[in-house]
Structures are given as C-alpha cells and as structure tokens.
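Step one of this worksheet: look at the structure below.
The values are calculated or read from the model by the stated rules, or taken from the named source; none is laboratory data. Bear in mind the structure is a predicted one, so any value in this text is a computation, not a measurement. All Cβ positions, even for glycine, are placed from backbone atoms using ideal geometry, and neighbour counts span all protein chains on display.
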Amino acid sequence: MSIAVRFDGIVKEFGPVRVLHGVSFDLAPGRVYGLLGENGAGKSTLMKILSGYERPTGGTLHIDGEPRSFKSSRDAEAAGIVLIHQEFNLAEDLTITQNIFLGHERKRGWWLDEAAMRADTLRVLRQVGLDKDPDTPVRHLIVAEKQLVEIAKALARNARLLIMDEPTASLTPGETEALFTLMARLQADGVTIVYISHKLDEVERTTDDVIVMRDGRFVTRQPTRELTRHQMATLMVGREISDLYPDKDPAPTGAVPLLRVEGLTVPGWAADIAFDVKPGEILGFAGLVGAGRTELFEGLLGLRPHQVGRIELEGRAIRIRNPRDAVDQGITYLSEDRKGKGLHVGFGLRENLTLMALETYATPWLKPGAETRALKTAVQDFGIRTGSLDVKAASLSGGNQQKLALAKVLHPEPKVVILDEPTRGVDVGAKRDIYFLIQRLAREGRGVVVVSSELMELVGLCHRVAVMRGGRLRAMVDAQHLTEEELISHATGTNQRDQANGDKPSEEESMTAGR
Amino acid sequence: MVDRQLDQPAPPRFQRARSLGSRLHAVGPILGLVLLCVAGTLLNPDFASLDNAMNVLTRTAFIGIIAVGMCFVIISGGIDLSVGSMAALIAGMVILLMNTLAGSIDQPVLVVAIGMAASVVLGGVFGLAHGLLITRGRIEPFIVTLGTLGIFRAYLTYFSNGGAITLDDTLSDVYSPVYYTSVIGVPIPVWVFLIVAVAGALILNRTAYGRYVQAIGSNEQVARYAAVNVDRIKVMTYALLGACVGIATLLYVPRLGSSSPTTGLLWELEAIAAVIVGGTALKGGSGSIIGTVIGAVLLSVISNILNLTSVISVYLNAAVQGFVIIIVAFLQRRK
C-alpha cells in the first residue's frame, strides 16, 4: 500500500496571477516529507492540486508512473491521497462514525449498514489510538481528538499518502508527541506523509526529507539530517536571516505600573489573576493550550463573564464592561483568531483599519479621504504589502493580514496593547517585522502584553513572562531567568519550586478538556 | 482558503476586471428597471406618461419607505417579519387616538399633527421592543418578529372588532391632503420617500453608525472585538425600521382613512423582496439603499405594467414578481 508521486512542471494560475511556475519533484513511497516555504510560496496550492481540490493550469501529475488528473478531492481519495485541513472538515453535530463515512456510507439494500460502519470505525479509532465511543458527537471532542478523527477518516478510506497542514498548531506538547508516534506508525505501514509546518523543530524531528518552495518554485529537497534549522529558514526566505529578534532594551524600573489588574476571575478558565505592566515593558504570557490565557484577557475586556477585584490605569481605578470601555481608556486587544474575530475579511483595508477609531472620523459624516490617508500611512508604517489600497482584506496573504490587524488595534493609539499570538501563521520575514514593531511600541512608552504559544518568541522578546497553568498564574519569570526550559517547567507543572508549593500538575487536565 | 500569493502586487488588469464585475453587479437592478420601462412603453404608450409615473411612485412610497428601514435590518444580519401587521396596528391606534382627541381639542389640524407624530413614535417604540428582545433577550429576530406579526394584527382585529377602524370625517378632510396633494407636481408621499431614501443612504454610507451596521452583519464577532457596541447598534436598527413603518403609516392613513385586519397584509414580504431585488444579500454584511429604492420601484412597475397591458393576466402579478425575485437571486448567487 505505497504510492509514488511525481510533479512534472506543474503550473497554476489564478486569473492572470501565476502562483506555481512549473514545479517538478517526486515523492518516494513511505517517507515523511517536510514541506517548507513562506506564506505565499505556493505549497498549499501544490498540495491542493495533489489532493484534487485544485486543477493545475499546466504540467502533469504522475501517480505510480501514470499521468493522472483529479477532478475532485473524492477522485484523489480514491487514489489514496488525503489532505487534512488546518481547519477540520468535520460536521460537528454528527457522530464520529457518521463523519468517518460521510459521503461513503455503507448500505445494505436501501438501508444504512450501521453495524458494519461502527465496527470499521472502532478499528480505525484503535489504529490512531483514540479511545472514544464511535457514537460520540464530534462537537464533544477536543481539538486533538478531532484531528485524530480526521486521520482515522483518511485511514478508513485507505489513504496511502497523507498531507497534514500545520497539524500541531493547536495541540499541547503531549498531544503533539502522540501525533508524532502515530505518524511513525503510519510510516511503518508504508503511508507517505507530507508535513507542512512553520515549526522547524518539529520538521527536524519528524521528517526524513525537507522540500523547500519559494515564490511558486521548487528550491531544493535534502535529507533532513543534513540541514540545521537555521539553514532551513535561510532556504525558505532566500537570504540570510540574522537578528530575528531586536536587541532587548533594559527592563523599565521603578515606574508606576501603566496597567495593574487584581483578582481577575473568568469562571471556568482563570482564577484570581493579578499582574501589572509598566510603561515601556513587554510582558509575556506563556502556557499550554487551554491554560486560560486568551480567556483571561477576553474576560478583562468584558468579552466573557468575569469578576475583577481592581483594575488601575496609571494609578487610577477604572471599570471595563465591554471592549468600548477598554478602547476609551486606552487598552486594545488583538485576538488570536484573525479570521473569526480580528478582521472583516470581506471588507476593504480602509474599513478594517479605522473600525476601532471610527468616531474620530465622524463629525458627523465620515471622511473617506481622511480614512484613505490613514490607510496610506499605515501601509507604510506597518509594511503591509498590497497591490492596491482598494482590495478586500481577504486578498492579503496571512502575514500582511496580520500586519493589518495590528495596525487596526493600534489605530486608536492605545496606552496598553494586548497581542494574542501576534505571529500565528505568519512567515519568518513577517515575524521579524512584527517583533521589531512590538519593540517600537514599547519604546514609545506603551505597555505591551504578548500572549504566545511560541516560547522562543517570549524568551526573545519579553522583559518578564507570566506563566499560566490550569487557569492560575503559576510563575512570573524575570529577564535573568528567562529560558524555554524554565517556561516549559512552569507551564507543565514539573518545576521543582512549584511542586514544593503543593501545586499538583493533575488539576489542569480537567480544564484543558473543556477546550 | 487558498494560500494566496498576493504578496506580490496583483497586476492592474486583474483589479480592473474585478471592479468592472462589481460595477455590473451594482447596475443590474437599474438595467432591469430600464428594460422593464422600455417594455412597458412599447406595450402601452400610457405607461410613459408623467401621471402614470407619479401614480407608480406614490404607490411605491409605503413599501419603499419601509424597505429603506428593512435594508438596515437585513444588512445588520437581522430580519423583521412584523412590519405589515405593525403598520396596520399603528394605523388603527392612531385613528382611535385622533378620534378620541377630536372630542376635547377643537383644532383638527393639531389633532392630525399629534396623530402623525404618534405614528412615528409608536413605530419607534415597537422597533425598540423588537431590538431589546433580540439583543437582551437573545432571541432570534425571525422568531421575535414572527411572534409580533401575529400579536400586532390580532390586537388590531380586537380593537376593530373584526371590522374597520375609521377616521372621523372632519379629521379625514383635514388629513387627506397629506396623501393627495402635490408639491411642484410631485405628490407628498413621493417627496417623503425621496427624503427617507436620501437620509438612509447618507446614514448607511457616511456615518459611523452605518459602518457599524455593515460590520455587524459582515461578522458580528469581529465587530464585537473591535469595540463596536453591537447590542446598541442592533436595537437602533430595529427602532429605525419601526420609525420608517410609522412614517409609511402616517402617509397611508389619509389615503383610506381606515384600518382593518387586511391593512398592510404581506407588506413585510414586499419590503424584504425590494431589499433583495435591490442587491442586498439576505445574510447581511453589505447592501445599498439606492438598490433597495430601485427594487421597490421595479416591483411596483411590474404590477403597473400588468394592469396597463393584457399580455399577462393581472392575476399573475405575484407570480411575475416571484419569478423576478428568483431570477435576481440566481444572477447574484456566489459572487
């Protein structure tokens, strides 16, 4: 059950825009490939062609030596090629069994053969190591379990080549480990895996070969063990990247905190949290998925039910009932969920940029001219790359959308800005731009809170890092002690000092299950 | 969706092609209206007369004014099914109020003025109630207004004992010019329709409130996270529609001088149809007041042409309108 794939001069155009310029390489059966490239390099488009979601404009796809052209993802599935989307393709209200057989239902005469489908589901669930009743509705599963269902679905359809797009983006370290074990097992069974990820450490650990794409072209394929992470990044960007992080400014000392929060509780997510941010300080928030960081700040902004002891801004007590109050006081929040909560993707760039500060443009009539001038300035300041100012936000690449989202939350000129996963899903170049921007914000005397799952980023950027676990603030790590190991130990509850305080790692398990 | 490569600036040709497409989309309803008018003129020269044009516009005014308010509600992602019943109830209550006041105030003009103001206020209050039930009560707009659709009409039927509530003759004489008078050759209802439409277009496109309405309909979560006071904007939208219904009603009352259980029947569907034919998507997010006005006019031109010509039976009026709605929806699917 192996499959050999050869791309031969694949060209893809969307209208007059050519996104793949004759890509040729092959995938040997039973290997794990890491597919690397910046946003917009064309890797997703190529994989969509391989899995039948897109058709090439030119070139040929060979499967086991035969030229093939898939008319649909179903066609590709029949050939054993399955793409697992970053955002899952599961019907939330259907059960695991119903999802696994969706569109491929077993029948006996006119009726569904429930028993056979259930038995097969049990078999594939065992194969992926998911111990759940096949009749469980998918909406009751956590993210990691849904992913396993997706993989089980692929196996039930006899997948011989699995494409995984950023599979670990929302997994905890434990879940990630389990996924890697499963990948090794699938590989042993002869399944080819194409692994798309921005996380180079994972690529280094799990793949046999690395394939790099850039600007719609194939760059290289090399055995993973012959490359360092730094070399991978350099190949992706096409130039030497140095100084990903700006040099740290010394931590501000002695100043009155800009923002001080006491006794903030978000029921079900965070309990009795206190922290403060000084002017010019970059404060990190670390923690595993489900530790309650995002929910904490959504609570602070009044986006979730919460209780709070006291919030002080520049030493004066304030009340925040909703995001409007927060903006009026000078606090803004960048959501981790760019498409769902951050940007109106169907709106133009201008309307997105000014939305949070729209009142300043209304006297009482809006002034599109002034808004357009603001957009021009923002495009310059934030380095947003766009062909025209009149496009919709959806037409920007991920990194540029993120820069627009940043420009939007900074447009009201906040004193304190809370950035939740500011570099999620953006490429190395854009990441660097965003890091330097964050430093600039701090230098301007703002308080910056960075919530991130990338520990490297927190270590490279922050003056202090708060670590949350199971809805509680477990540690506040200052610059001298800031290492990835230190943060992980607090986040997972394996730190000696934490345990001495009688704080057991078991309690967060129940919290994460809510996710 | 697609890992789009628009990091490189898209070529200008691509841009132009797109904006041409969206321009075509915007002129679609106008084009339809023009073609319809040409057809009408060819079939019956009377169609093109000024008299007939004013007749059509006057009859469009009620639905058109309501459709302007409905356009805001639909763009914000909501719906209001109750507007027809609401108009009937407002008409009934206002007539009862004026008849009662006529006993104690002997200036009919003042009584009528109070009645007209009451009409707008009542509409605003009903709309406010819808908005609060939808936002504070967290009930779907479809369900809230389906409920009040029944409630409003039932109360009118109850007040009128199943018959008609009729305006006092003296008051009727004072009030009827509001519907029947022309200023500079244009009937008052048409002027009001024009003013409401222009105000609506300005509010939607040139105020922060209008932008917020679009932002909420496009993605409510994003709007909420961007510090838009979603609940307040939504309540205002329903109140605005209620006020529009009140304005339409104050123009309608002098026409017949009465309200009965059949008053305003199916107006909600005509208003929604006008909005949709005008190019506003039922799922909200964006839309156009000008389109809505054209949509309303287009639908009444259809019935006017059927009345003036014998190509298609008048009895098929609703069928022709229905076909037009479906054709428009077909042309506008998945841009």
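Side notes on the structure shown:
- Check on B:Ile151, more than 27 Å from B:Thr292 (Cα to Cα) and touching a helix residue (DSSP H, G or I) at 6+ places or on another chain (Cβ under 9 Å): yes
- Flag for A:Thr95 being over 28 Å from A:Val203 (Cα atoms), at pLDDT 90 or above, in the same structural domain as A:Lys199 (by TED's automatic domain parsing) and in contact with a helix residue (DSSP H, G or I) (Cβ under 6 Å, 6 or more places away or on another chain): no
- Of residues in the stretch A:359-386 being at the interface with chain B (Cβ under 8 Å from one of its Cβ atoms) and under 29 Å from the mean Cα position of the chain (by Cα), the one nearest to A:Val426 (Cα to Cα): A:Arg385
- Selected residue [modelled with pLDDT of 90 or more and either in contact with a Pro (Cβ under 6 Å, 6 or more places away or on another chain) or farther than 13 Å from A:Leu404 by Cα (or both)] from A:Ala374, A:Ala362, A:Ala357: A:Ala357
- Restricting the stretch A:387-406 to residues that are at the interface with chain B (Cβ under 7 Å from one of its Cβ atoms) and out of contact with any Ser or Thr (no Cβ under 7 Å at 6 or more places or on another chain), the residue that is surrounded by the most Cβ atoms within 10 Å (Cβ to Cβ): A:Ser397
- Criterion applied to A:Arg293, A:Arg304, A:Arg324 was being in contact (Cβ under 8 Å) with a residue 12 or more places away in the chain and within 14 Å of chain B (Cβ to nearest Cβ), and the one residue passing it is A:Arg304.
- Evaluating A:Gln401 against the criteria (1) in contact (Cβ under 8 Å) with a residue 40 or more places away in the chain; (2) touching a Leu at 6+ places or on another chain (Cβ under 7 Å); (3) not in a helix (DSSP H, G or I) leaves one unmet condition, (3).
- When the stretch B:173-211 is limited to residues that are within 23 Å of B:Leu110 (Cβ to Cβ), of a type outside the set (A, V, I, L, M, F, W, C) and over 20 Å from the mean Cα position of the chain (by Cα), the one that is farthest from the other protein chains (Cβ to nearest Cβ) turns out to be B:Asp173.
- Pair list, Cβ < 7 Å and 6+ apart or interchain, from the stretch B:29-53 residues that are among the β-branched types (Val, Ile, Thr) to residues that are part of a helix (DSSP H, G or I): B:Ile30/B:Ile294; B:Thr41/B:Phe47; B:Thr41/B:Ala48
- Per-region count, the stretch A:308-342, residues buried (at least 21 other Cβ atoms within 10 Å of the Cβ) and of a type in the set (Gly, Ala, Ser): 3
Table: residues versus (1) within 22 Å of the chain's Cα centre (by Cα); (2) over 30 Å from A:Leu303 (Cα atoms); (3) charged (D, E, K, R).
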site: A:Pro167; (1), (2), (3): yes, no, no
site: A:Gly190; (1), (2), (3): no, yes, no
site: A:Asp208; (1), (2), (3): no, yes, yes
site: A:Ile211; (1), (2), (3): yes, yes, no
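- Qualifying residue in the stretch A:485-504 (condition: modelled with pLDDT under 85, of a type outside the set (Gly, Ala, Ser), part of a helix (DSSP H, G or I) and touching a His at 6+ places or on another chain (Cβ under 7 Å)): yes
- Test: residue in the stretch A:75-83 that is closer than 21 Å to A:Val210 by Cα and under 20 Å from the mean Cα position of the chain (by Cα): yes
- Across the stretch A:407-433, the qualifying residues are those that are touching a Phe, Trp or Tyr at 6+ places or on another chain (Cβ under 9 Å) and in a helix (DSSP H, G or I), and the one among them that is nearest to the other protein chains (Cβ to nearest Cβ) is A:Val409.
- Strands (runs of 3 or more DSSP E) fully within the stretch A:1-118 that include at least 3 residues being within 14 Å of chain B (Cβ to nearest Cβ), on the phi < 0 side of the Ramachandran plot and out of contact with any Phe, Trp or Tyr (no Cβ under 7 Å at 6 or more places or on another chain): A:5-14, A:17-27.
- Qualifying residue in the stretch A:141-149 (condition: surrounded by 14 or more Cβ atoms within 10 Å (Cβ to Cβ), modelled with pLDDT of 90 or more and out of contact with any helix residue (DSSP H, G or I) (no Cβ under 6 Å at 6 or more places or on another chain)): no
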